[in-house]
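In what follows, a structure is listed as structure tokens, so that the remarks can point back to it.
The values are calculated or read from the model by the stated rules, or taken from the named source; none is laboratory data. Computed from a predicted structure; not experimentally measured. Cβ placement follows ideal geometry from the backbone for every residue including glycine, while neighbour counts extend to all protein chains displayed. Ligands, DNA and RNA are excluded from the accessible area calculation, which covers all protein heavy atoms including side chains. Shrake-Rupley method; radii C 1.70, N 1.55, O 1.52, S 1.80 Å.
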Amino acid sequence: MTPLLGRRARLRWLHLIIGGALLMPYFLVGTVIVGSFRAGANVFSSPVDQLTAFAFALPMAAVTALFPLARPLSVAAARALCGLPPDRPLADGPARTGQARVRAALWYTLHVALGGIVSGMTLALTPFAVGVTVLPFFAVVRESPVFDVPEALDGPWLPALAPFAGTAMLAAMAGCAAAAGALLANRAPVLLGPTPYDRLAAAERRAAGLAVRNRLARELHDSVGHALSAVTLQAGAARRVLDSDPEFVREALTAIEETTRRTVDELDSVLGLLRRDAEPAEATGYAADTTGPGLDALDGLLARCGVPVSYTADGDQGAVPDAVAYRIVQEGLSNALRHGGHGAPVRLRITVRAEELEIVMDSPLPARPSPVRPGGGRGLRGVSERAVLLGGRAGAGPHDGGWRLTAGLPLRPGARERP
């Protein structure tokens, strides 16, 4: 009996009853239309007129379901009552395209049509079937005009068969409701499922969310990761000369204080990105990844980075993508701190050409290979991602016995016209 009267069958039956209730306004309008052609006739007493009114009601229901908000209402009801399999997802949000609206209208029309039929059966057949079932046991039921049996069919066998006939009617009604509910559940993923437009929109939302996560990961890696590397090396160097060189220890602690203070400010800026609902994209495309310090803060970075840096700048740097260039230099210095060793010299050259900013950073390789860290390599990947977002390039690898990081970033439009 579970397929007919189980929890899922009962919920689907309720869903069909709701469909019948939704059909009633359209059905009443249909009876008015039919009645206008049947002057003086009782529309509600004629099965033909009732079927005609039902036929008028369905197109009206389909038209009203073309509104975009009809789909989320239908989806909510189907998810709650249709017992859909978890691997058949339904669409979210209003119907945005003509295809989605037509599908939602077909579903709604099917729902109210089947709901109207099952609701009519439930209201009319249930009391009749119960009356037939109890017919042998109550004289008042047998004497009712509803159960007036023709004399030709009257006999001693009729009361004995009546309970079985009533039970069969109820079972048949439950079977019809279960079949109609199964049909709706089967059609729901087809008519209420995501359209190609919905899938594309969902993919775009996932891509946007992933881009935000990657951006935050790059910012945190570059700012906090660099600061922790510098503070670790400075603290280790200070510990080694704590007793022999107090002045160096004092300078190292000052550098650690300045590094951590500046990093807290950068961390506040990065966390502020989490509170932004959306950022306007500029026509040039530079709004994609330009949050953070600019090249005007590069001198401070080089002074407190913990390694000696030979810095050369060529050309007008006023029109370069500042924040991205700063982060690339910061990541290169972090790698030099981690892998080159404290005190290893670094050569940095930033050149502004006609259409490109070029960054070249050379640092020595360690005497022994650096240990492989689980999940390492995110920094260089972040450098490449930053450059590609701006239409540039980046790369890193061994060069002349050392390690070279290079990046080329396009200048903003109009850079060559700057005074």
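Miscellaneous remarks
- Annotation for residue 310 and residue 212: the two label points, set 7 Å from Cα along the Cα-Cβ direction, are 4.6 nm apart.
- Ordering 241, 112 by accessible surface, largest first, gives 241, 112; the 1.4 Å probe counts only protein heavy atoms, with every chain in place.
- Extended-chain gain in nm, criterion 0.36 nm per residue less alpha-carbon gap, residue 37 and residue 88: 13.8 nm
- Rounded to whole numbers, the Karplus 3J(HN,Hα) couplings from phi for the range 174-185 are 4, x, 5, 5, 5, 5, 5, x, 5, 5, 5, 4 Hz, using 6.51 cos²θ - 1.76 cosθ + 1.60 with θ = phi - 60°, and x at Gly and Pro.
- For residue 122, neighbours were defined as the other residues whose beta-carbon sits under 15 Å from its Cβ, and their charges (Lys and Arg +1, Asp and Glu -1) total +2.
- Sequence of 13, 403 from largest to smallest accessible area, 1.4 Å probe: 403, 13
- Rg(Cα) / (2.2 N^0.38 Å) computed for the range 1-128, rounded to two decimals: 1.19
- Computed magnitude of the charge dipole of the range 1-82 (debye, nearest 20; Cβ of K, R +1, Cβ of D, E -1): 480
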